[in-house]
1. I'd like the residue in the stretch 205-223 that is farther than 21 Å from Q26 by Cβ and in a helix (DSSP H, G or I) and, out of all such residues, is modelled with the highest pLDDT.
2. Which residue pairs have Cβ atoms under 6 Å apart, sit 6 or more places apart or on different chains, and have a first residue in the stretch 197-208 that is without any contact (Cβ under 8 Å) to a residue 12 or more places away in the chain and a second that is part of a loop (DSSP other than H, G, I, E, B) and hydrophobic (A, V, I, L, M, F, W, C)?
3. Please specify each residue of the stretch 162-173 satisfying the condition of being closer than 17 Å to I144 by Cβ and either part of a loop (DSSP other than H, G, I, E, B) or of a type in the set (S, T, Y) (or both).
4. For the stretch 41-68, name all the residues that are hydrophobic (A, V, I, L, M, F, W, C) and either farther than 17 Å from L186 by Cβ or over 15 Å from the mean Cα position of the chain (by Cα) (or both).
5. Kindly list the number of the only condition in (1) farther than 18 Å from L13 by Cα; (2) modelled with pLDDT under 95 that fails for F87.
6. Give, as residue ranges, the strands (runs of 3 or more DSSP E) completely inside the stretch 1-47 that count at least 2 residues that are in contact with a Leu (Cβ under 8 Å, 6 or more places away or on another chain), crowded, with 19+ Cβ neighbours inside 10 Å and of a type outside the set (A, V, I, L, M).
7. Please enumerate the residues belonging to the stretch 174-188 that are among the aliphatic types (A, V, I, L, M) and in a helix (DSSP H, G or I).
8. Within the set of pairs 6+ apart or on separate chains, which have a first residue in the stretch 42-64 that is closer than 17 Å to T143 by Cβ and modelled with pLDDT of 90 or more, a second that is among the β-branched types (V, I, T) and in a helix (DSSP H, G or I), and C-beta atoms under 9 Å apart?
Amino acid sequence: MCGRYALYDTGVLQSRFDTLNQLKLQPHYNVAPGVSMPVVTRNSPNKQEVMRWGLIPFWAKDPKIGYRMINARVENINQKPAFKKPFATQRCLVPANGFYEWKKTRTVKIPFYFHLPSHQLFSFAGLYDIWQDDQGNQVKSFTIITTQANGVVGLVHDRMPVILEKSKEQVWLDPTSNQAGLVSLLQPRNDEMLHGYPVSSEVNATTADTPDLIAPANPLLGL
C-alpha cells in the first residue's frame, strides 16, 4: 500500500505538469490520509486542484469511508464499485517527491523512504471523485493506485504506488484513452529508477512534517 508520501517541490508544479494555474502550497514531508493535497486533472488544459486524500465515492453515505480508500489496487480497478467510474472518467496525477513504506521485523516496523534519482518530482497514478453532503457541500477526494512491488520496494513491502513515466502522464489524463491501454501503464517502476533507505521513526507520527524526516537514518542500509 501507500500510506504516506512527501511533496516539497510545490513551487514548480505548474512548469512540471504544464498546468493552467499555480497554487500557493506549503511543502510537506509526511502527507497522511485525510490531508488535502494538490492533484493534476485534465481541464483543457491541465489544472491543479486541492483534494482530500482518501476517495469518497459519490454514492457514499458516510464520508469516513475515505480513510479506507486511500489506495486502489490495480488488479480490480475497473471492477470495484468505488473505482470503476473514476477509472473511466476521473483520472488524475498525484505529484510527489517520494513515499514511505514500513519493513516489518519481529519487534518493530522500520520506515523506509523511496525516491527517484536526484529526488526529482514525479506523479502517482490517481483517481478522484466528488461527494456531496445533505447541505449540498462538495468534497473532492482522491486515491493512489498501487501494484505489486518491484525488486527494490519488495525488500520492504509487497505493494508499491504506481509511478507513471513522465511521457505517459498525458495519456493517463486523456479522457479518450482506451481503458485496456491505461491498465498497461499501471506497472511497477523499474528497479534502477528507485532508491530507498531507512529513515527516523519520527515519521510514524502524522503530526511530524519537517525536512529531516527524509534524511537517511542509516546510509549503509540504503537499497
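The values are calculated or read from the model by the stated rules, or taken from the named source; none is laboratory data. It should be emphasised that the depicted structure is a prediction, and the values quoted were computed from it without experimental measurement. With ideal geometry, Cβ positions are generated from the backbone for all residues, glycine too; neighbour counts draw on all protein chains shown.
1. In this case the residue turns out to be L221.
2. E202/A208
3. Narrowing the stretch 162-173 to residues closer than 17 Å to I144 by Cβ: 162-165, 168-169, 172-173.
Hits for the stretch 162-173 are V162, L164, E165.
4. V50, M51, W53, I56, F58, W59, A60, I65
5. In the conditions (1) farther than 18 Å from L13 by Cα; (2) modelled with pLDDT under 95, F87 misses (2) alone.
6. Strands (runs of 3 or more DSSP E) meeting the threshold: 28-31, 36-42.
7. First, pick out the residues of the stretch 174-188 that are among the aliphatic types (A, V, I, L, M): 180, 182-183, 185-186.
Within the stretch 174-188, A180, L182, V183, L185 qualify.
8. Hits for this filter: G54/I65; L55/I65; I56/I65; P57/I65.
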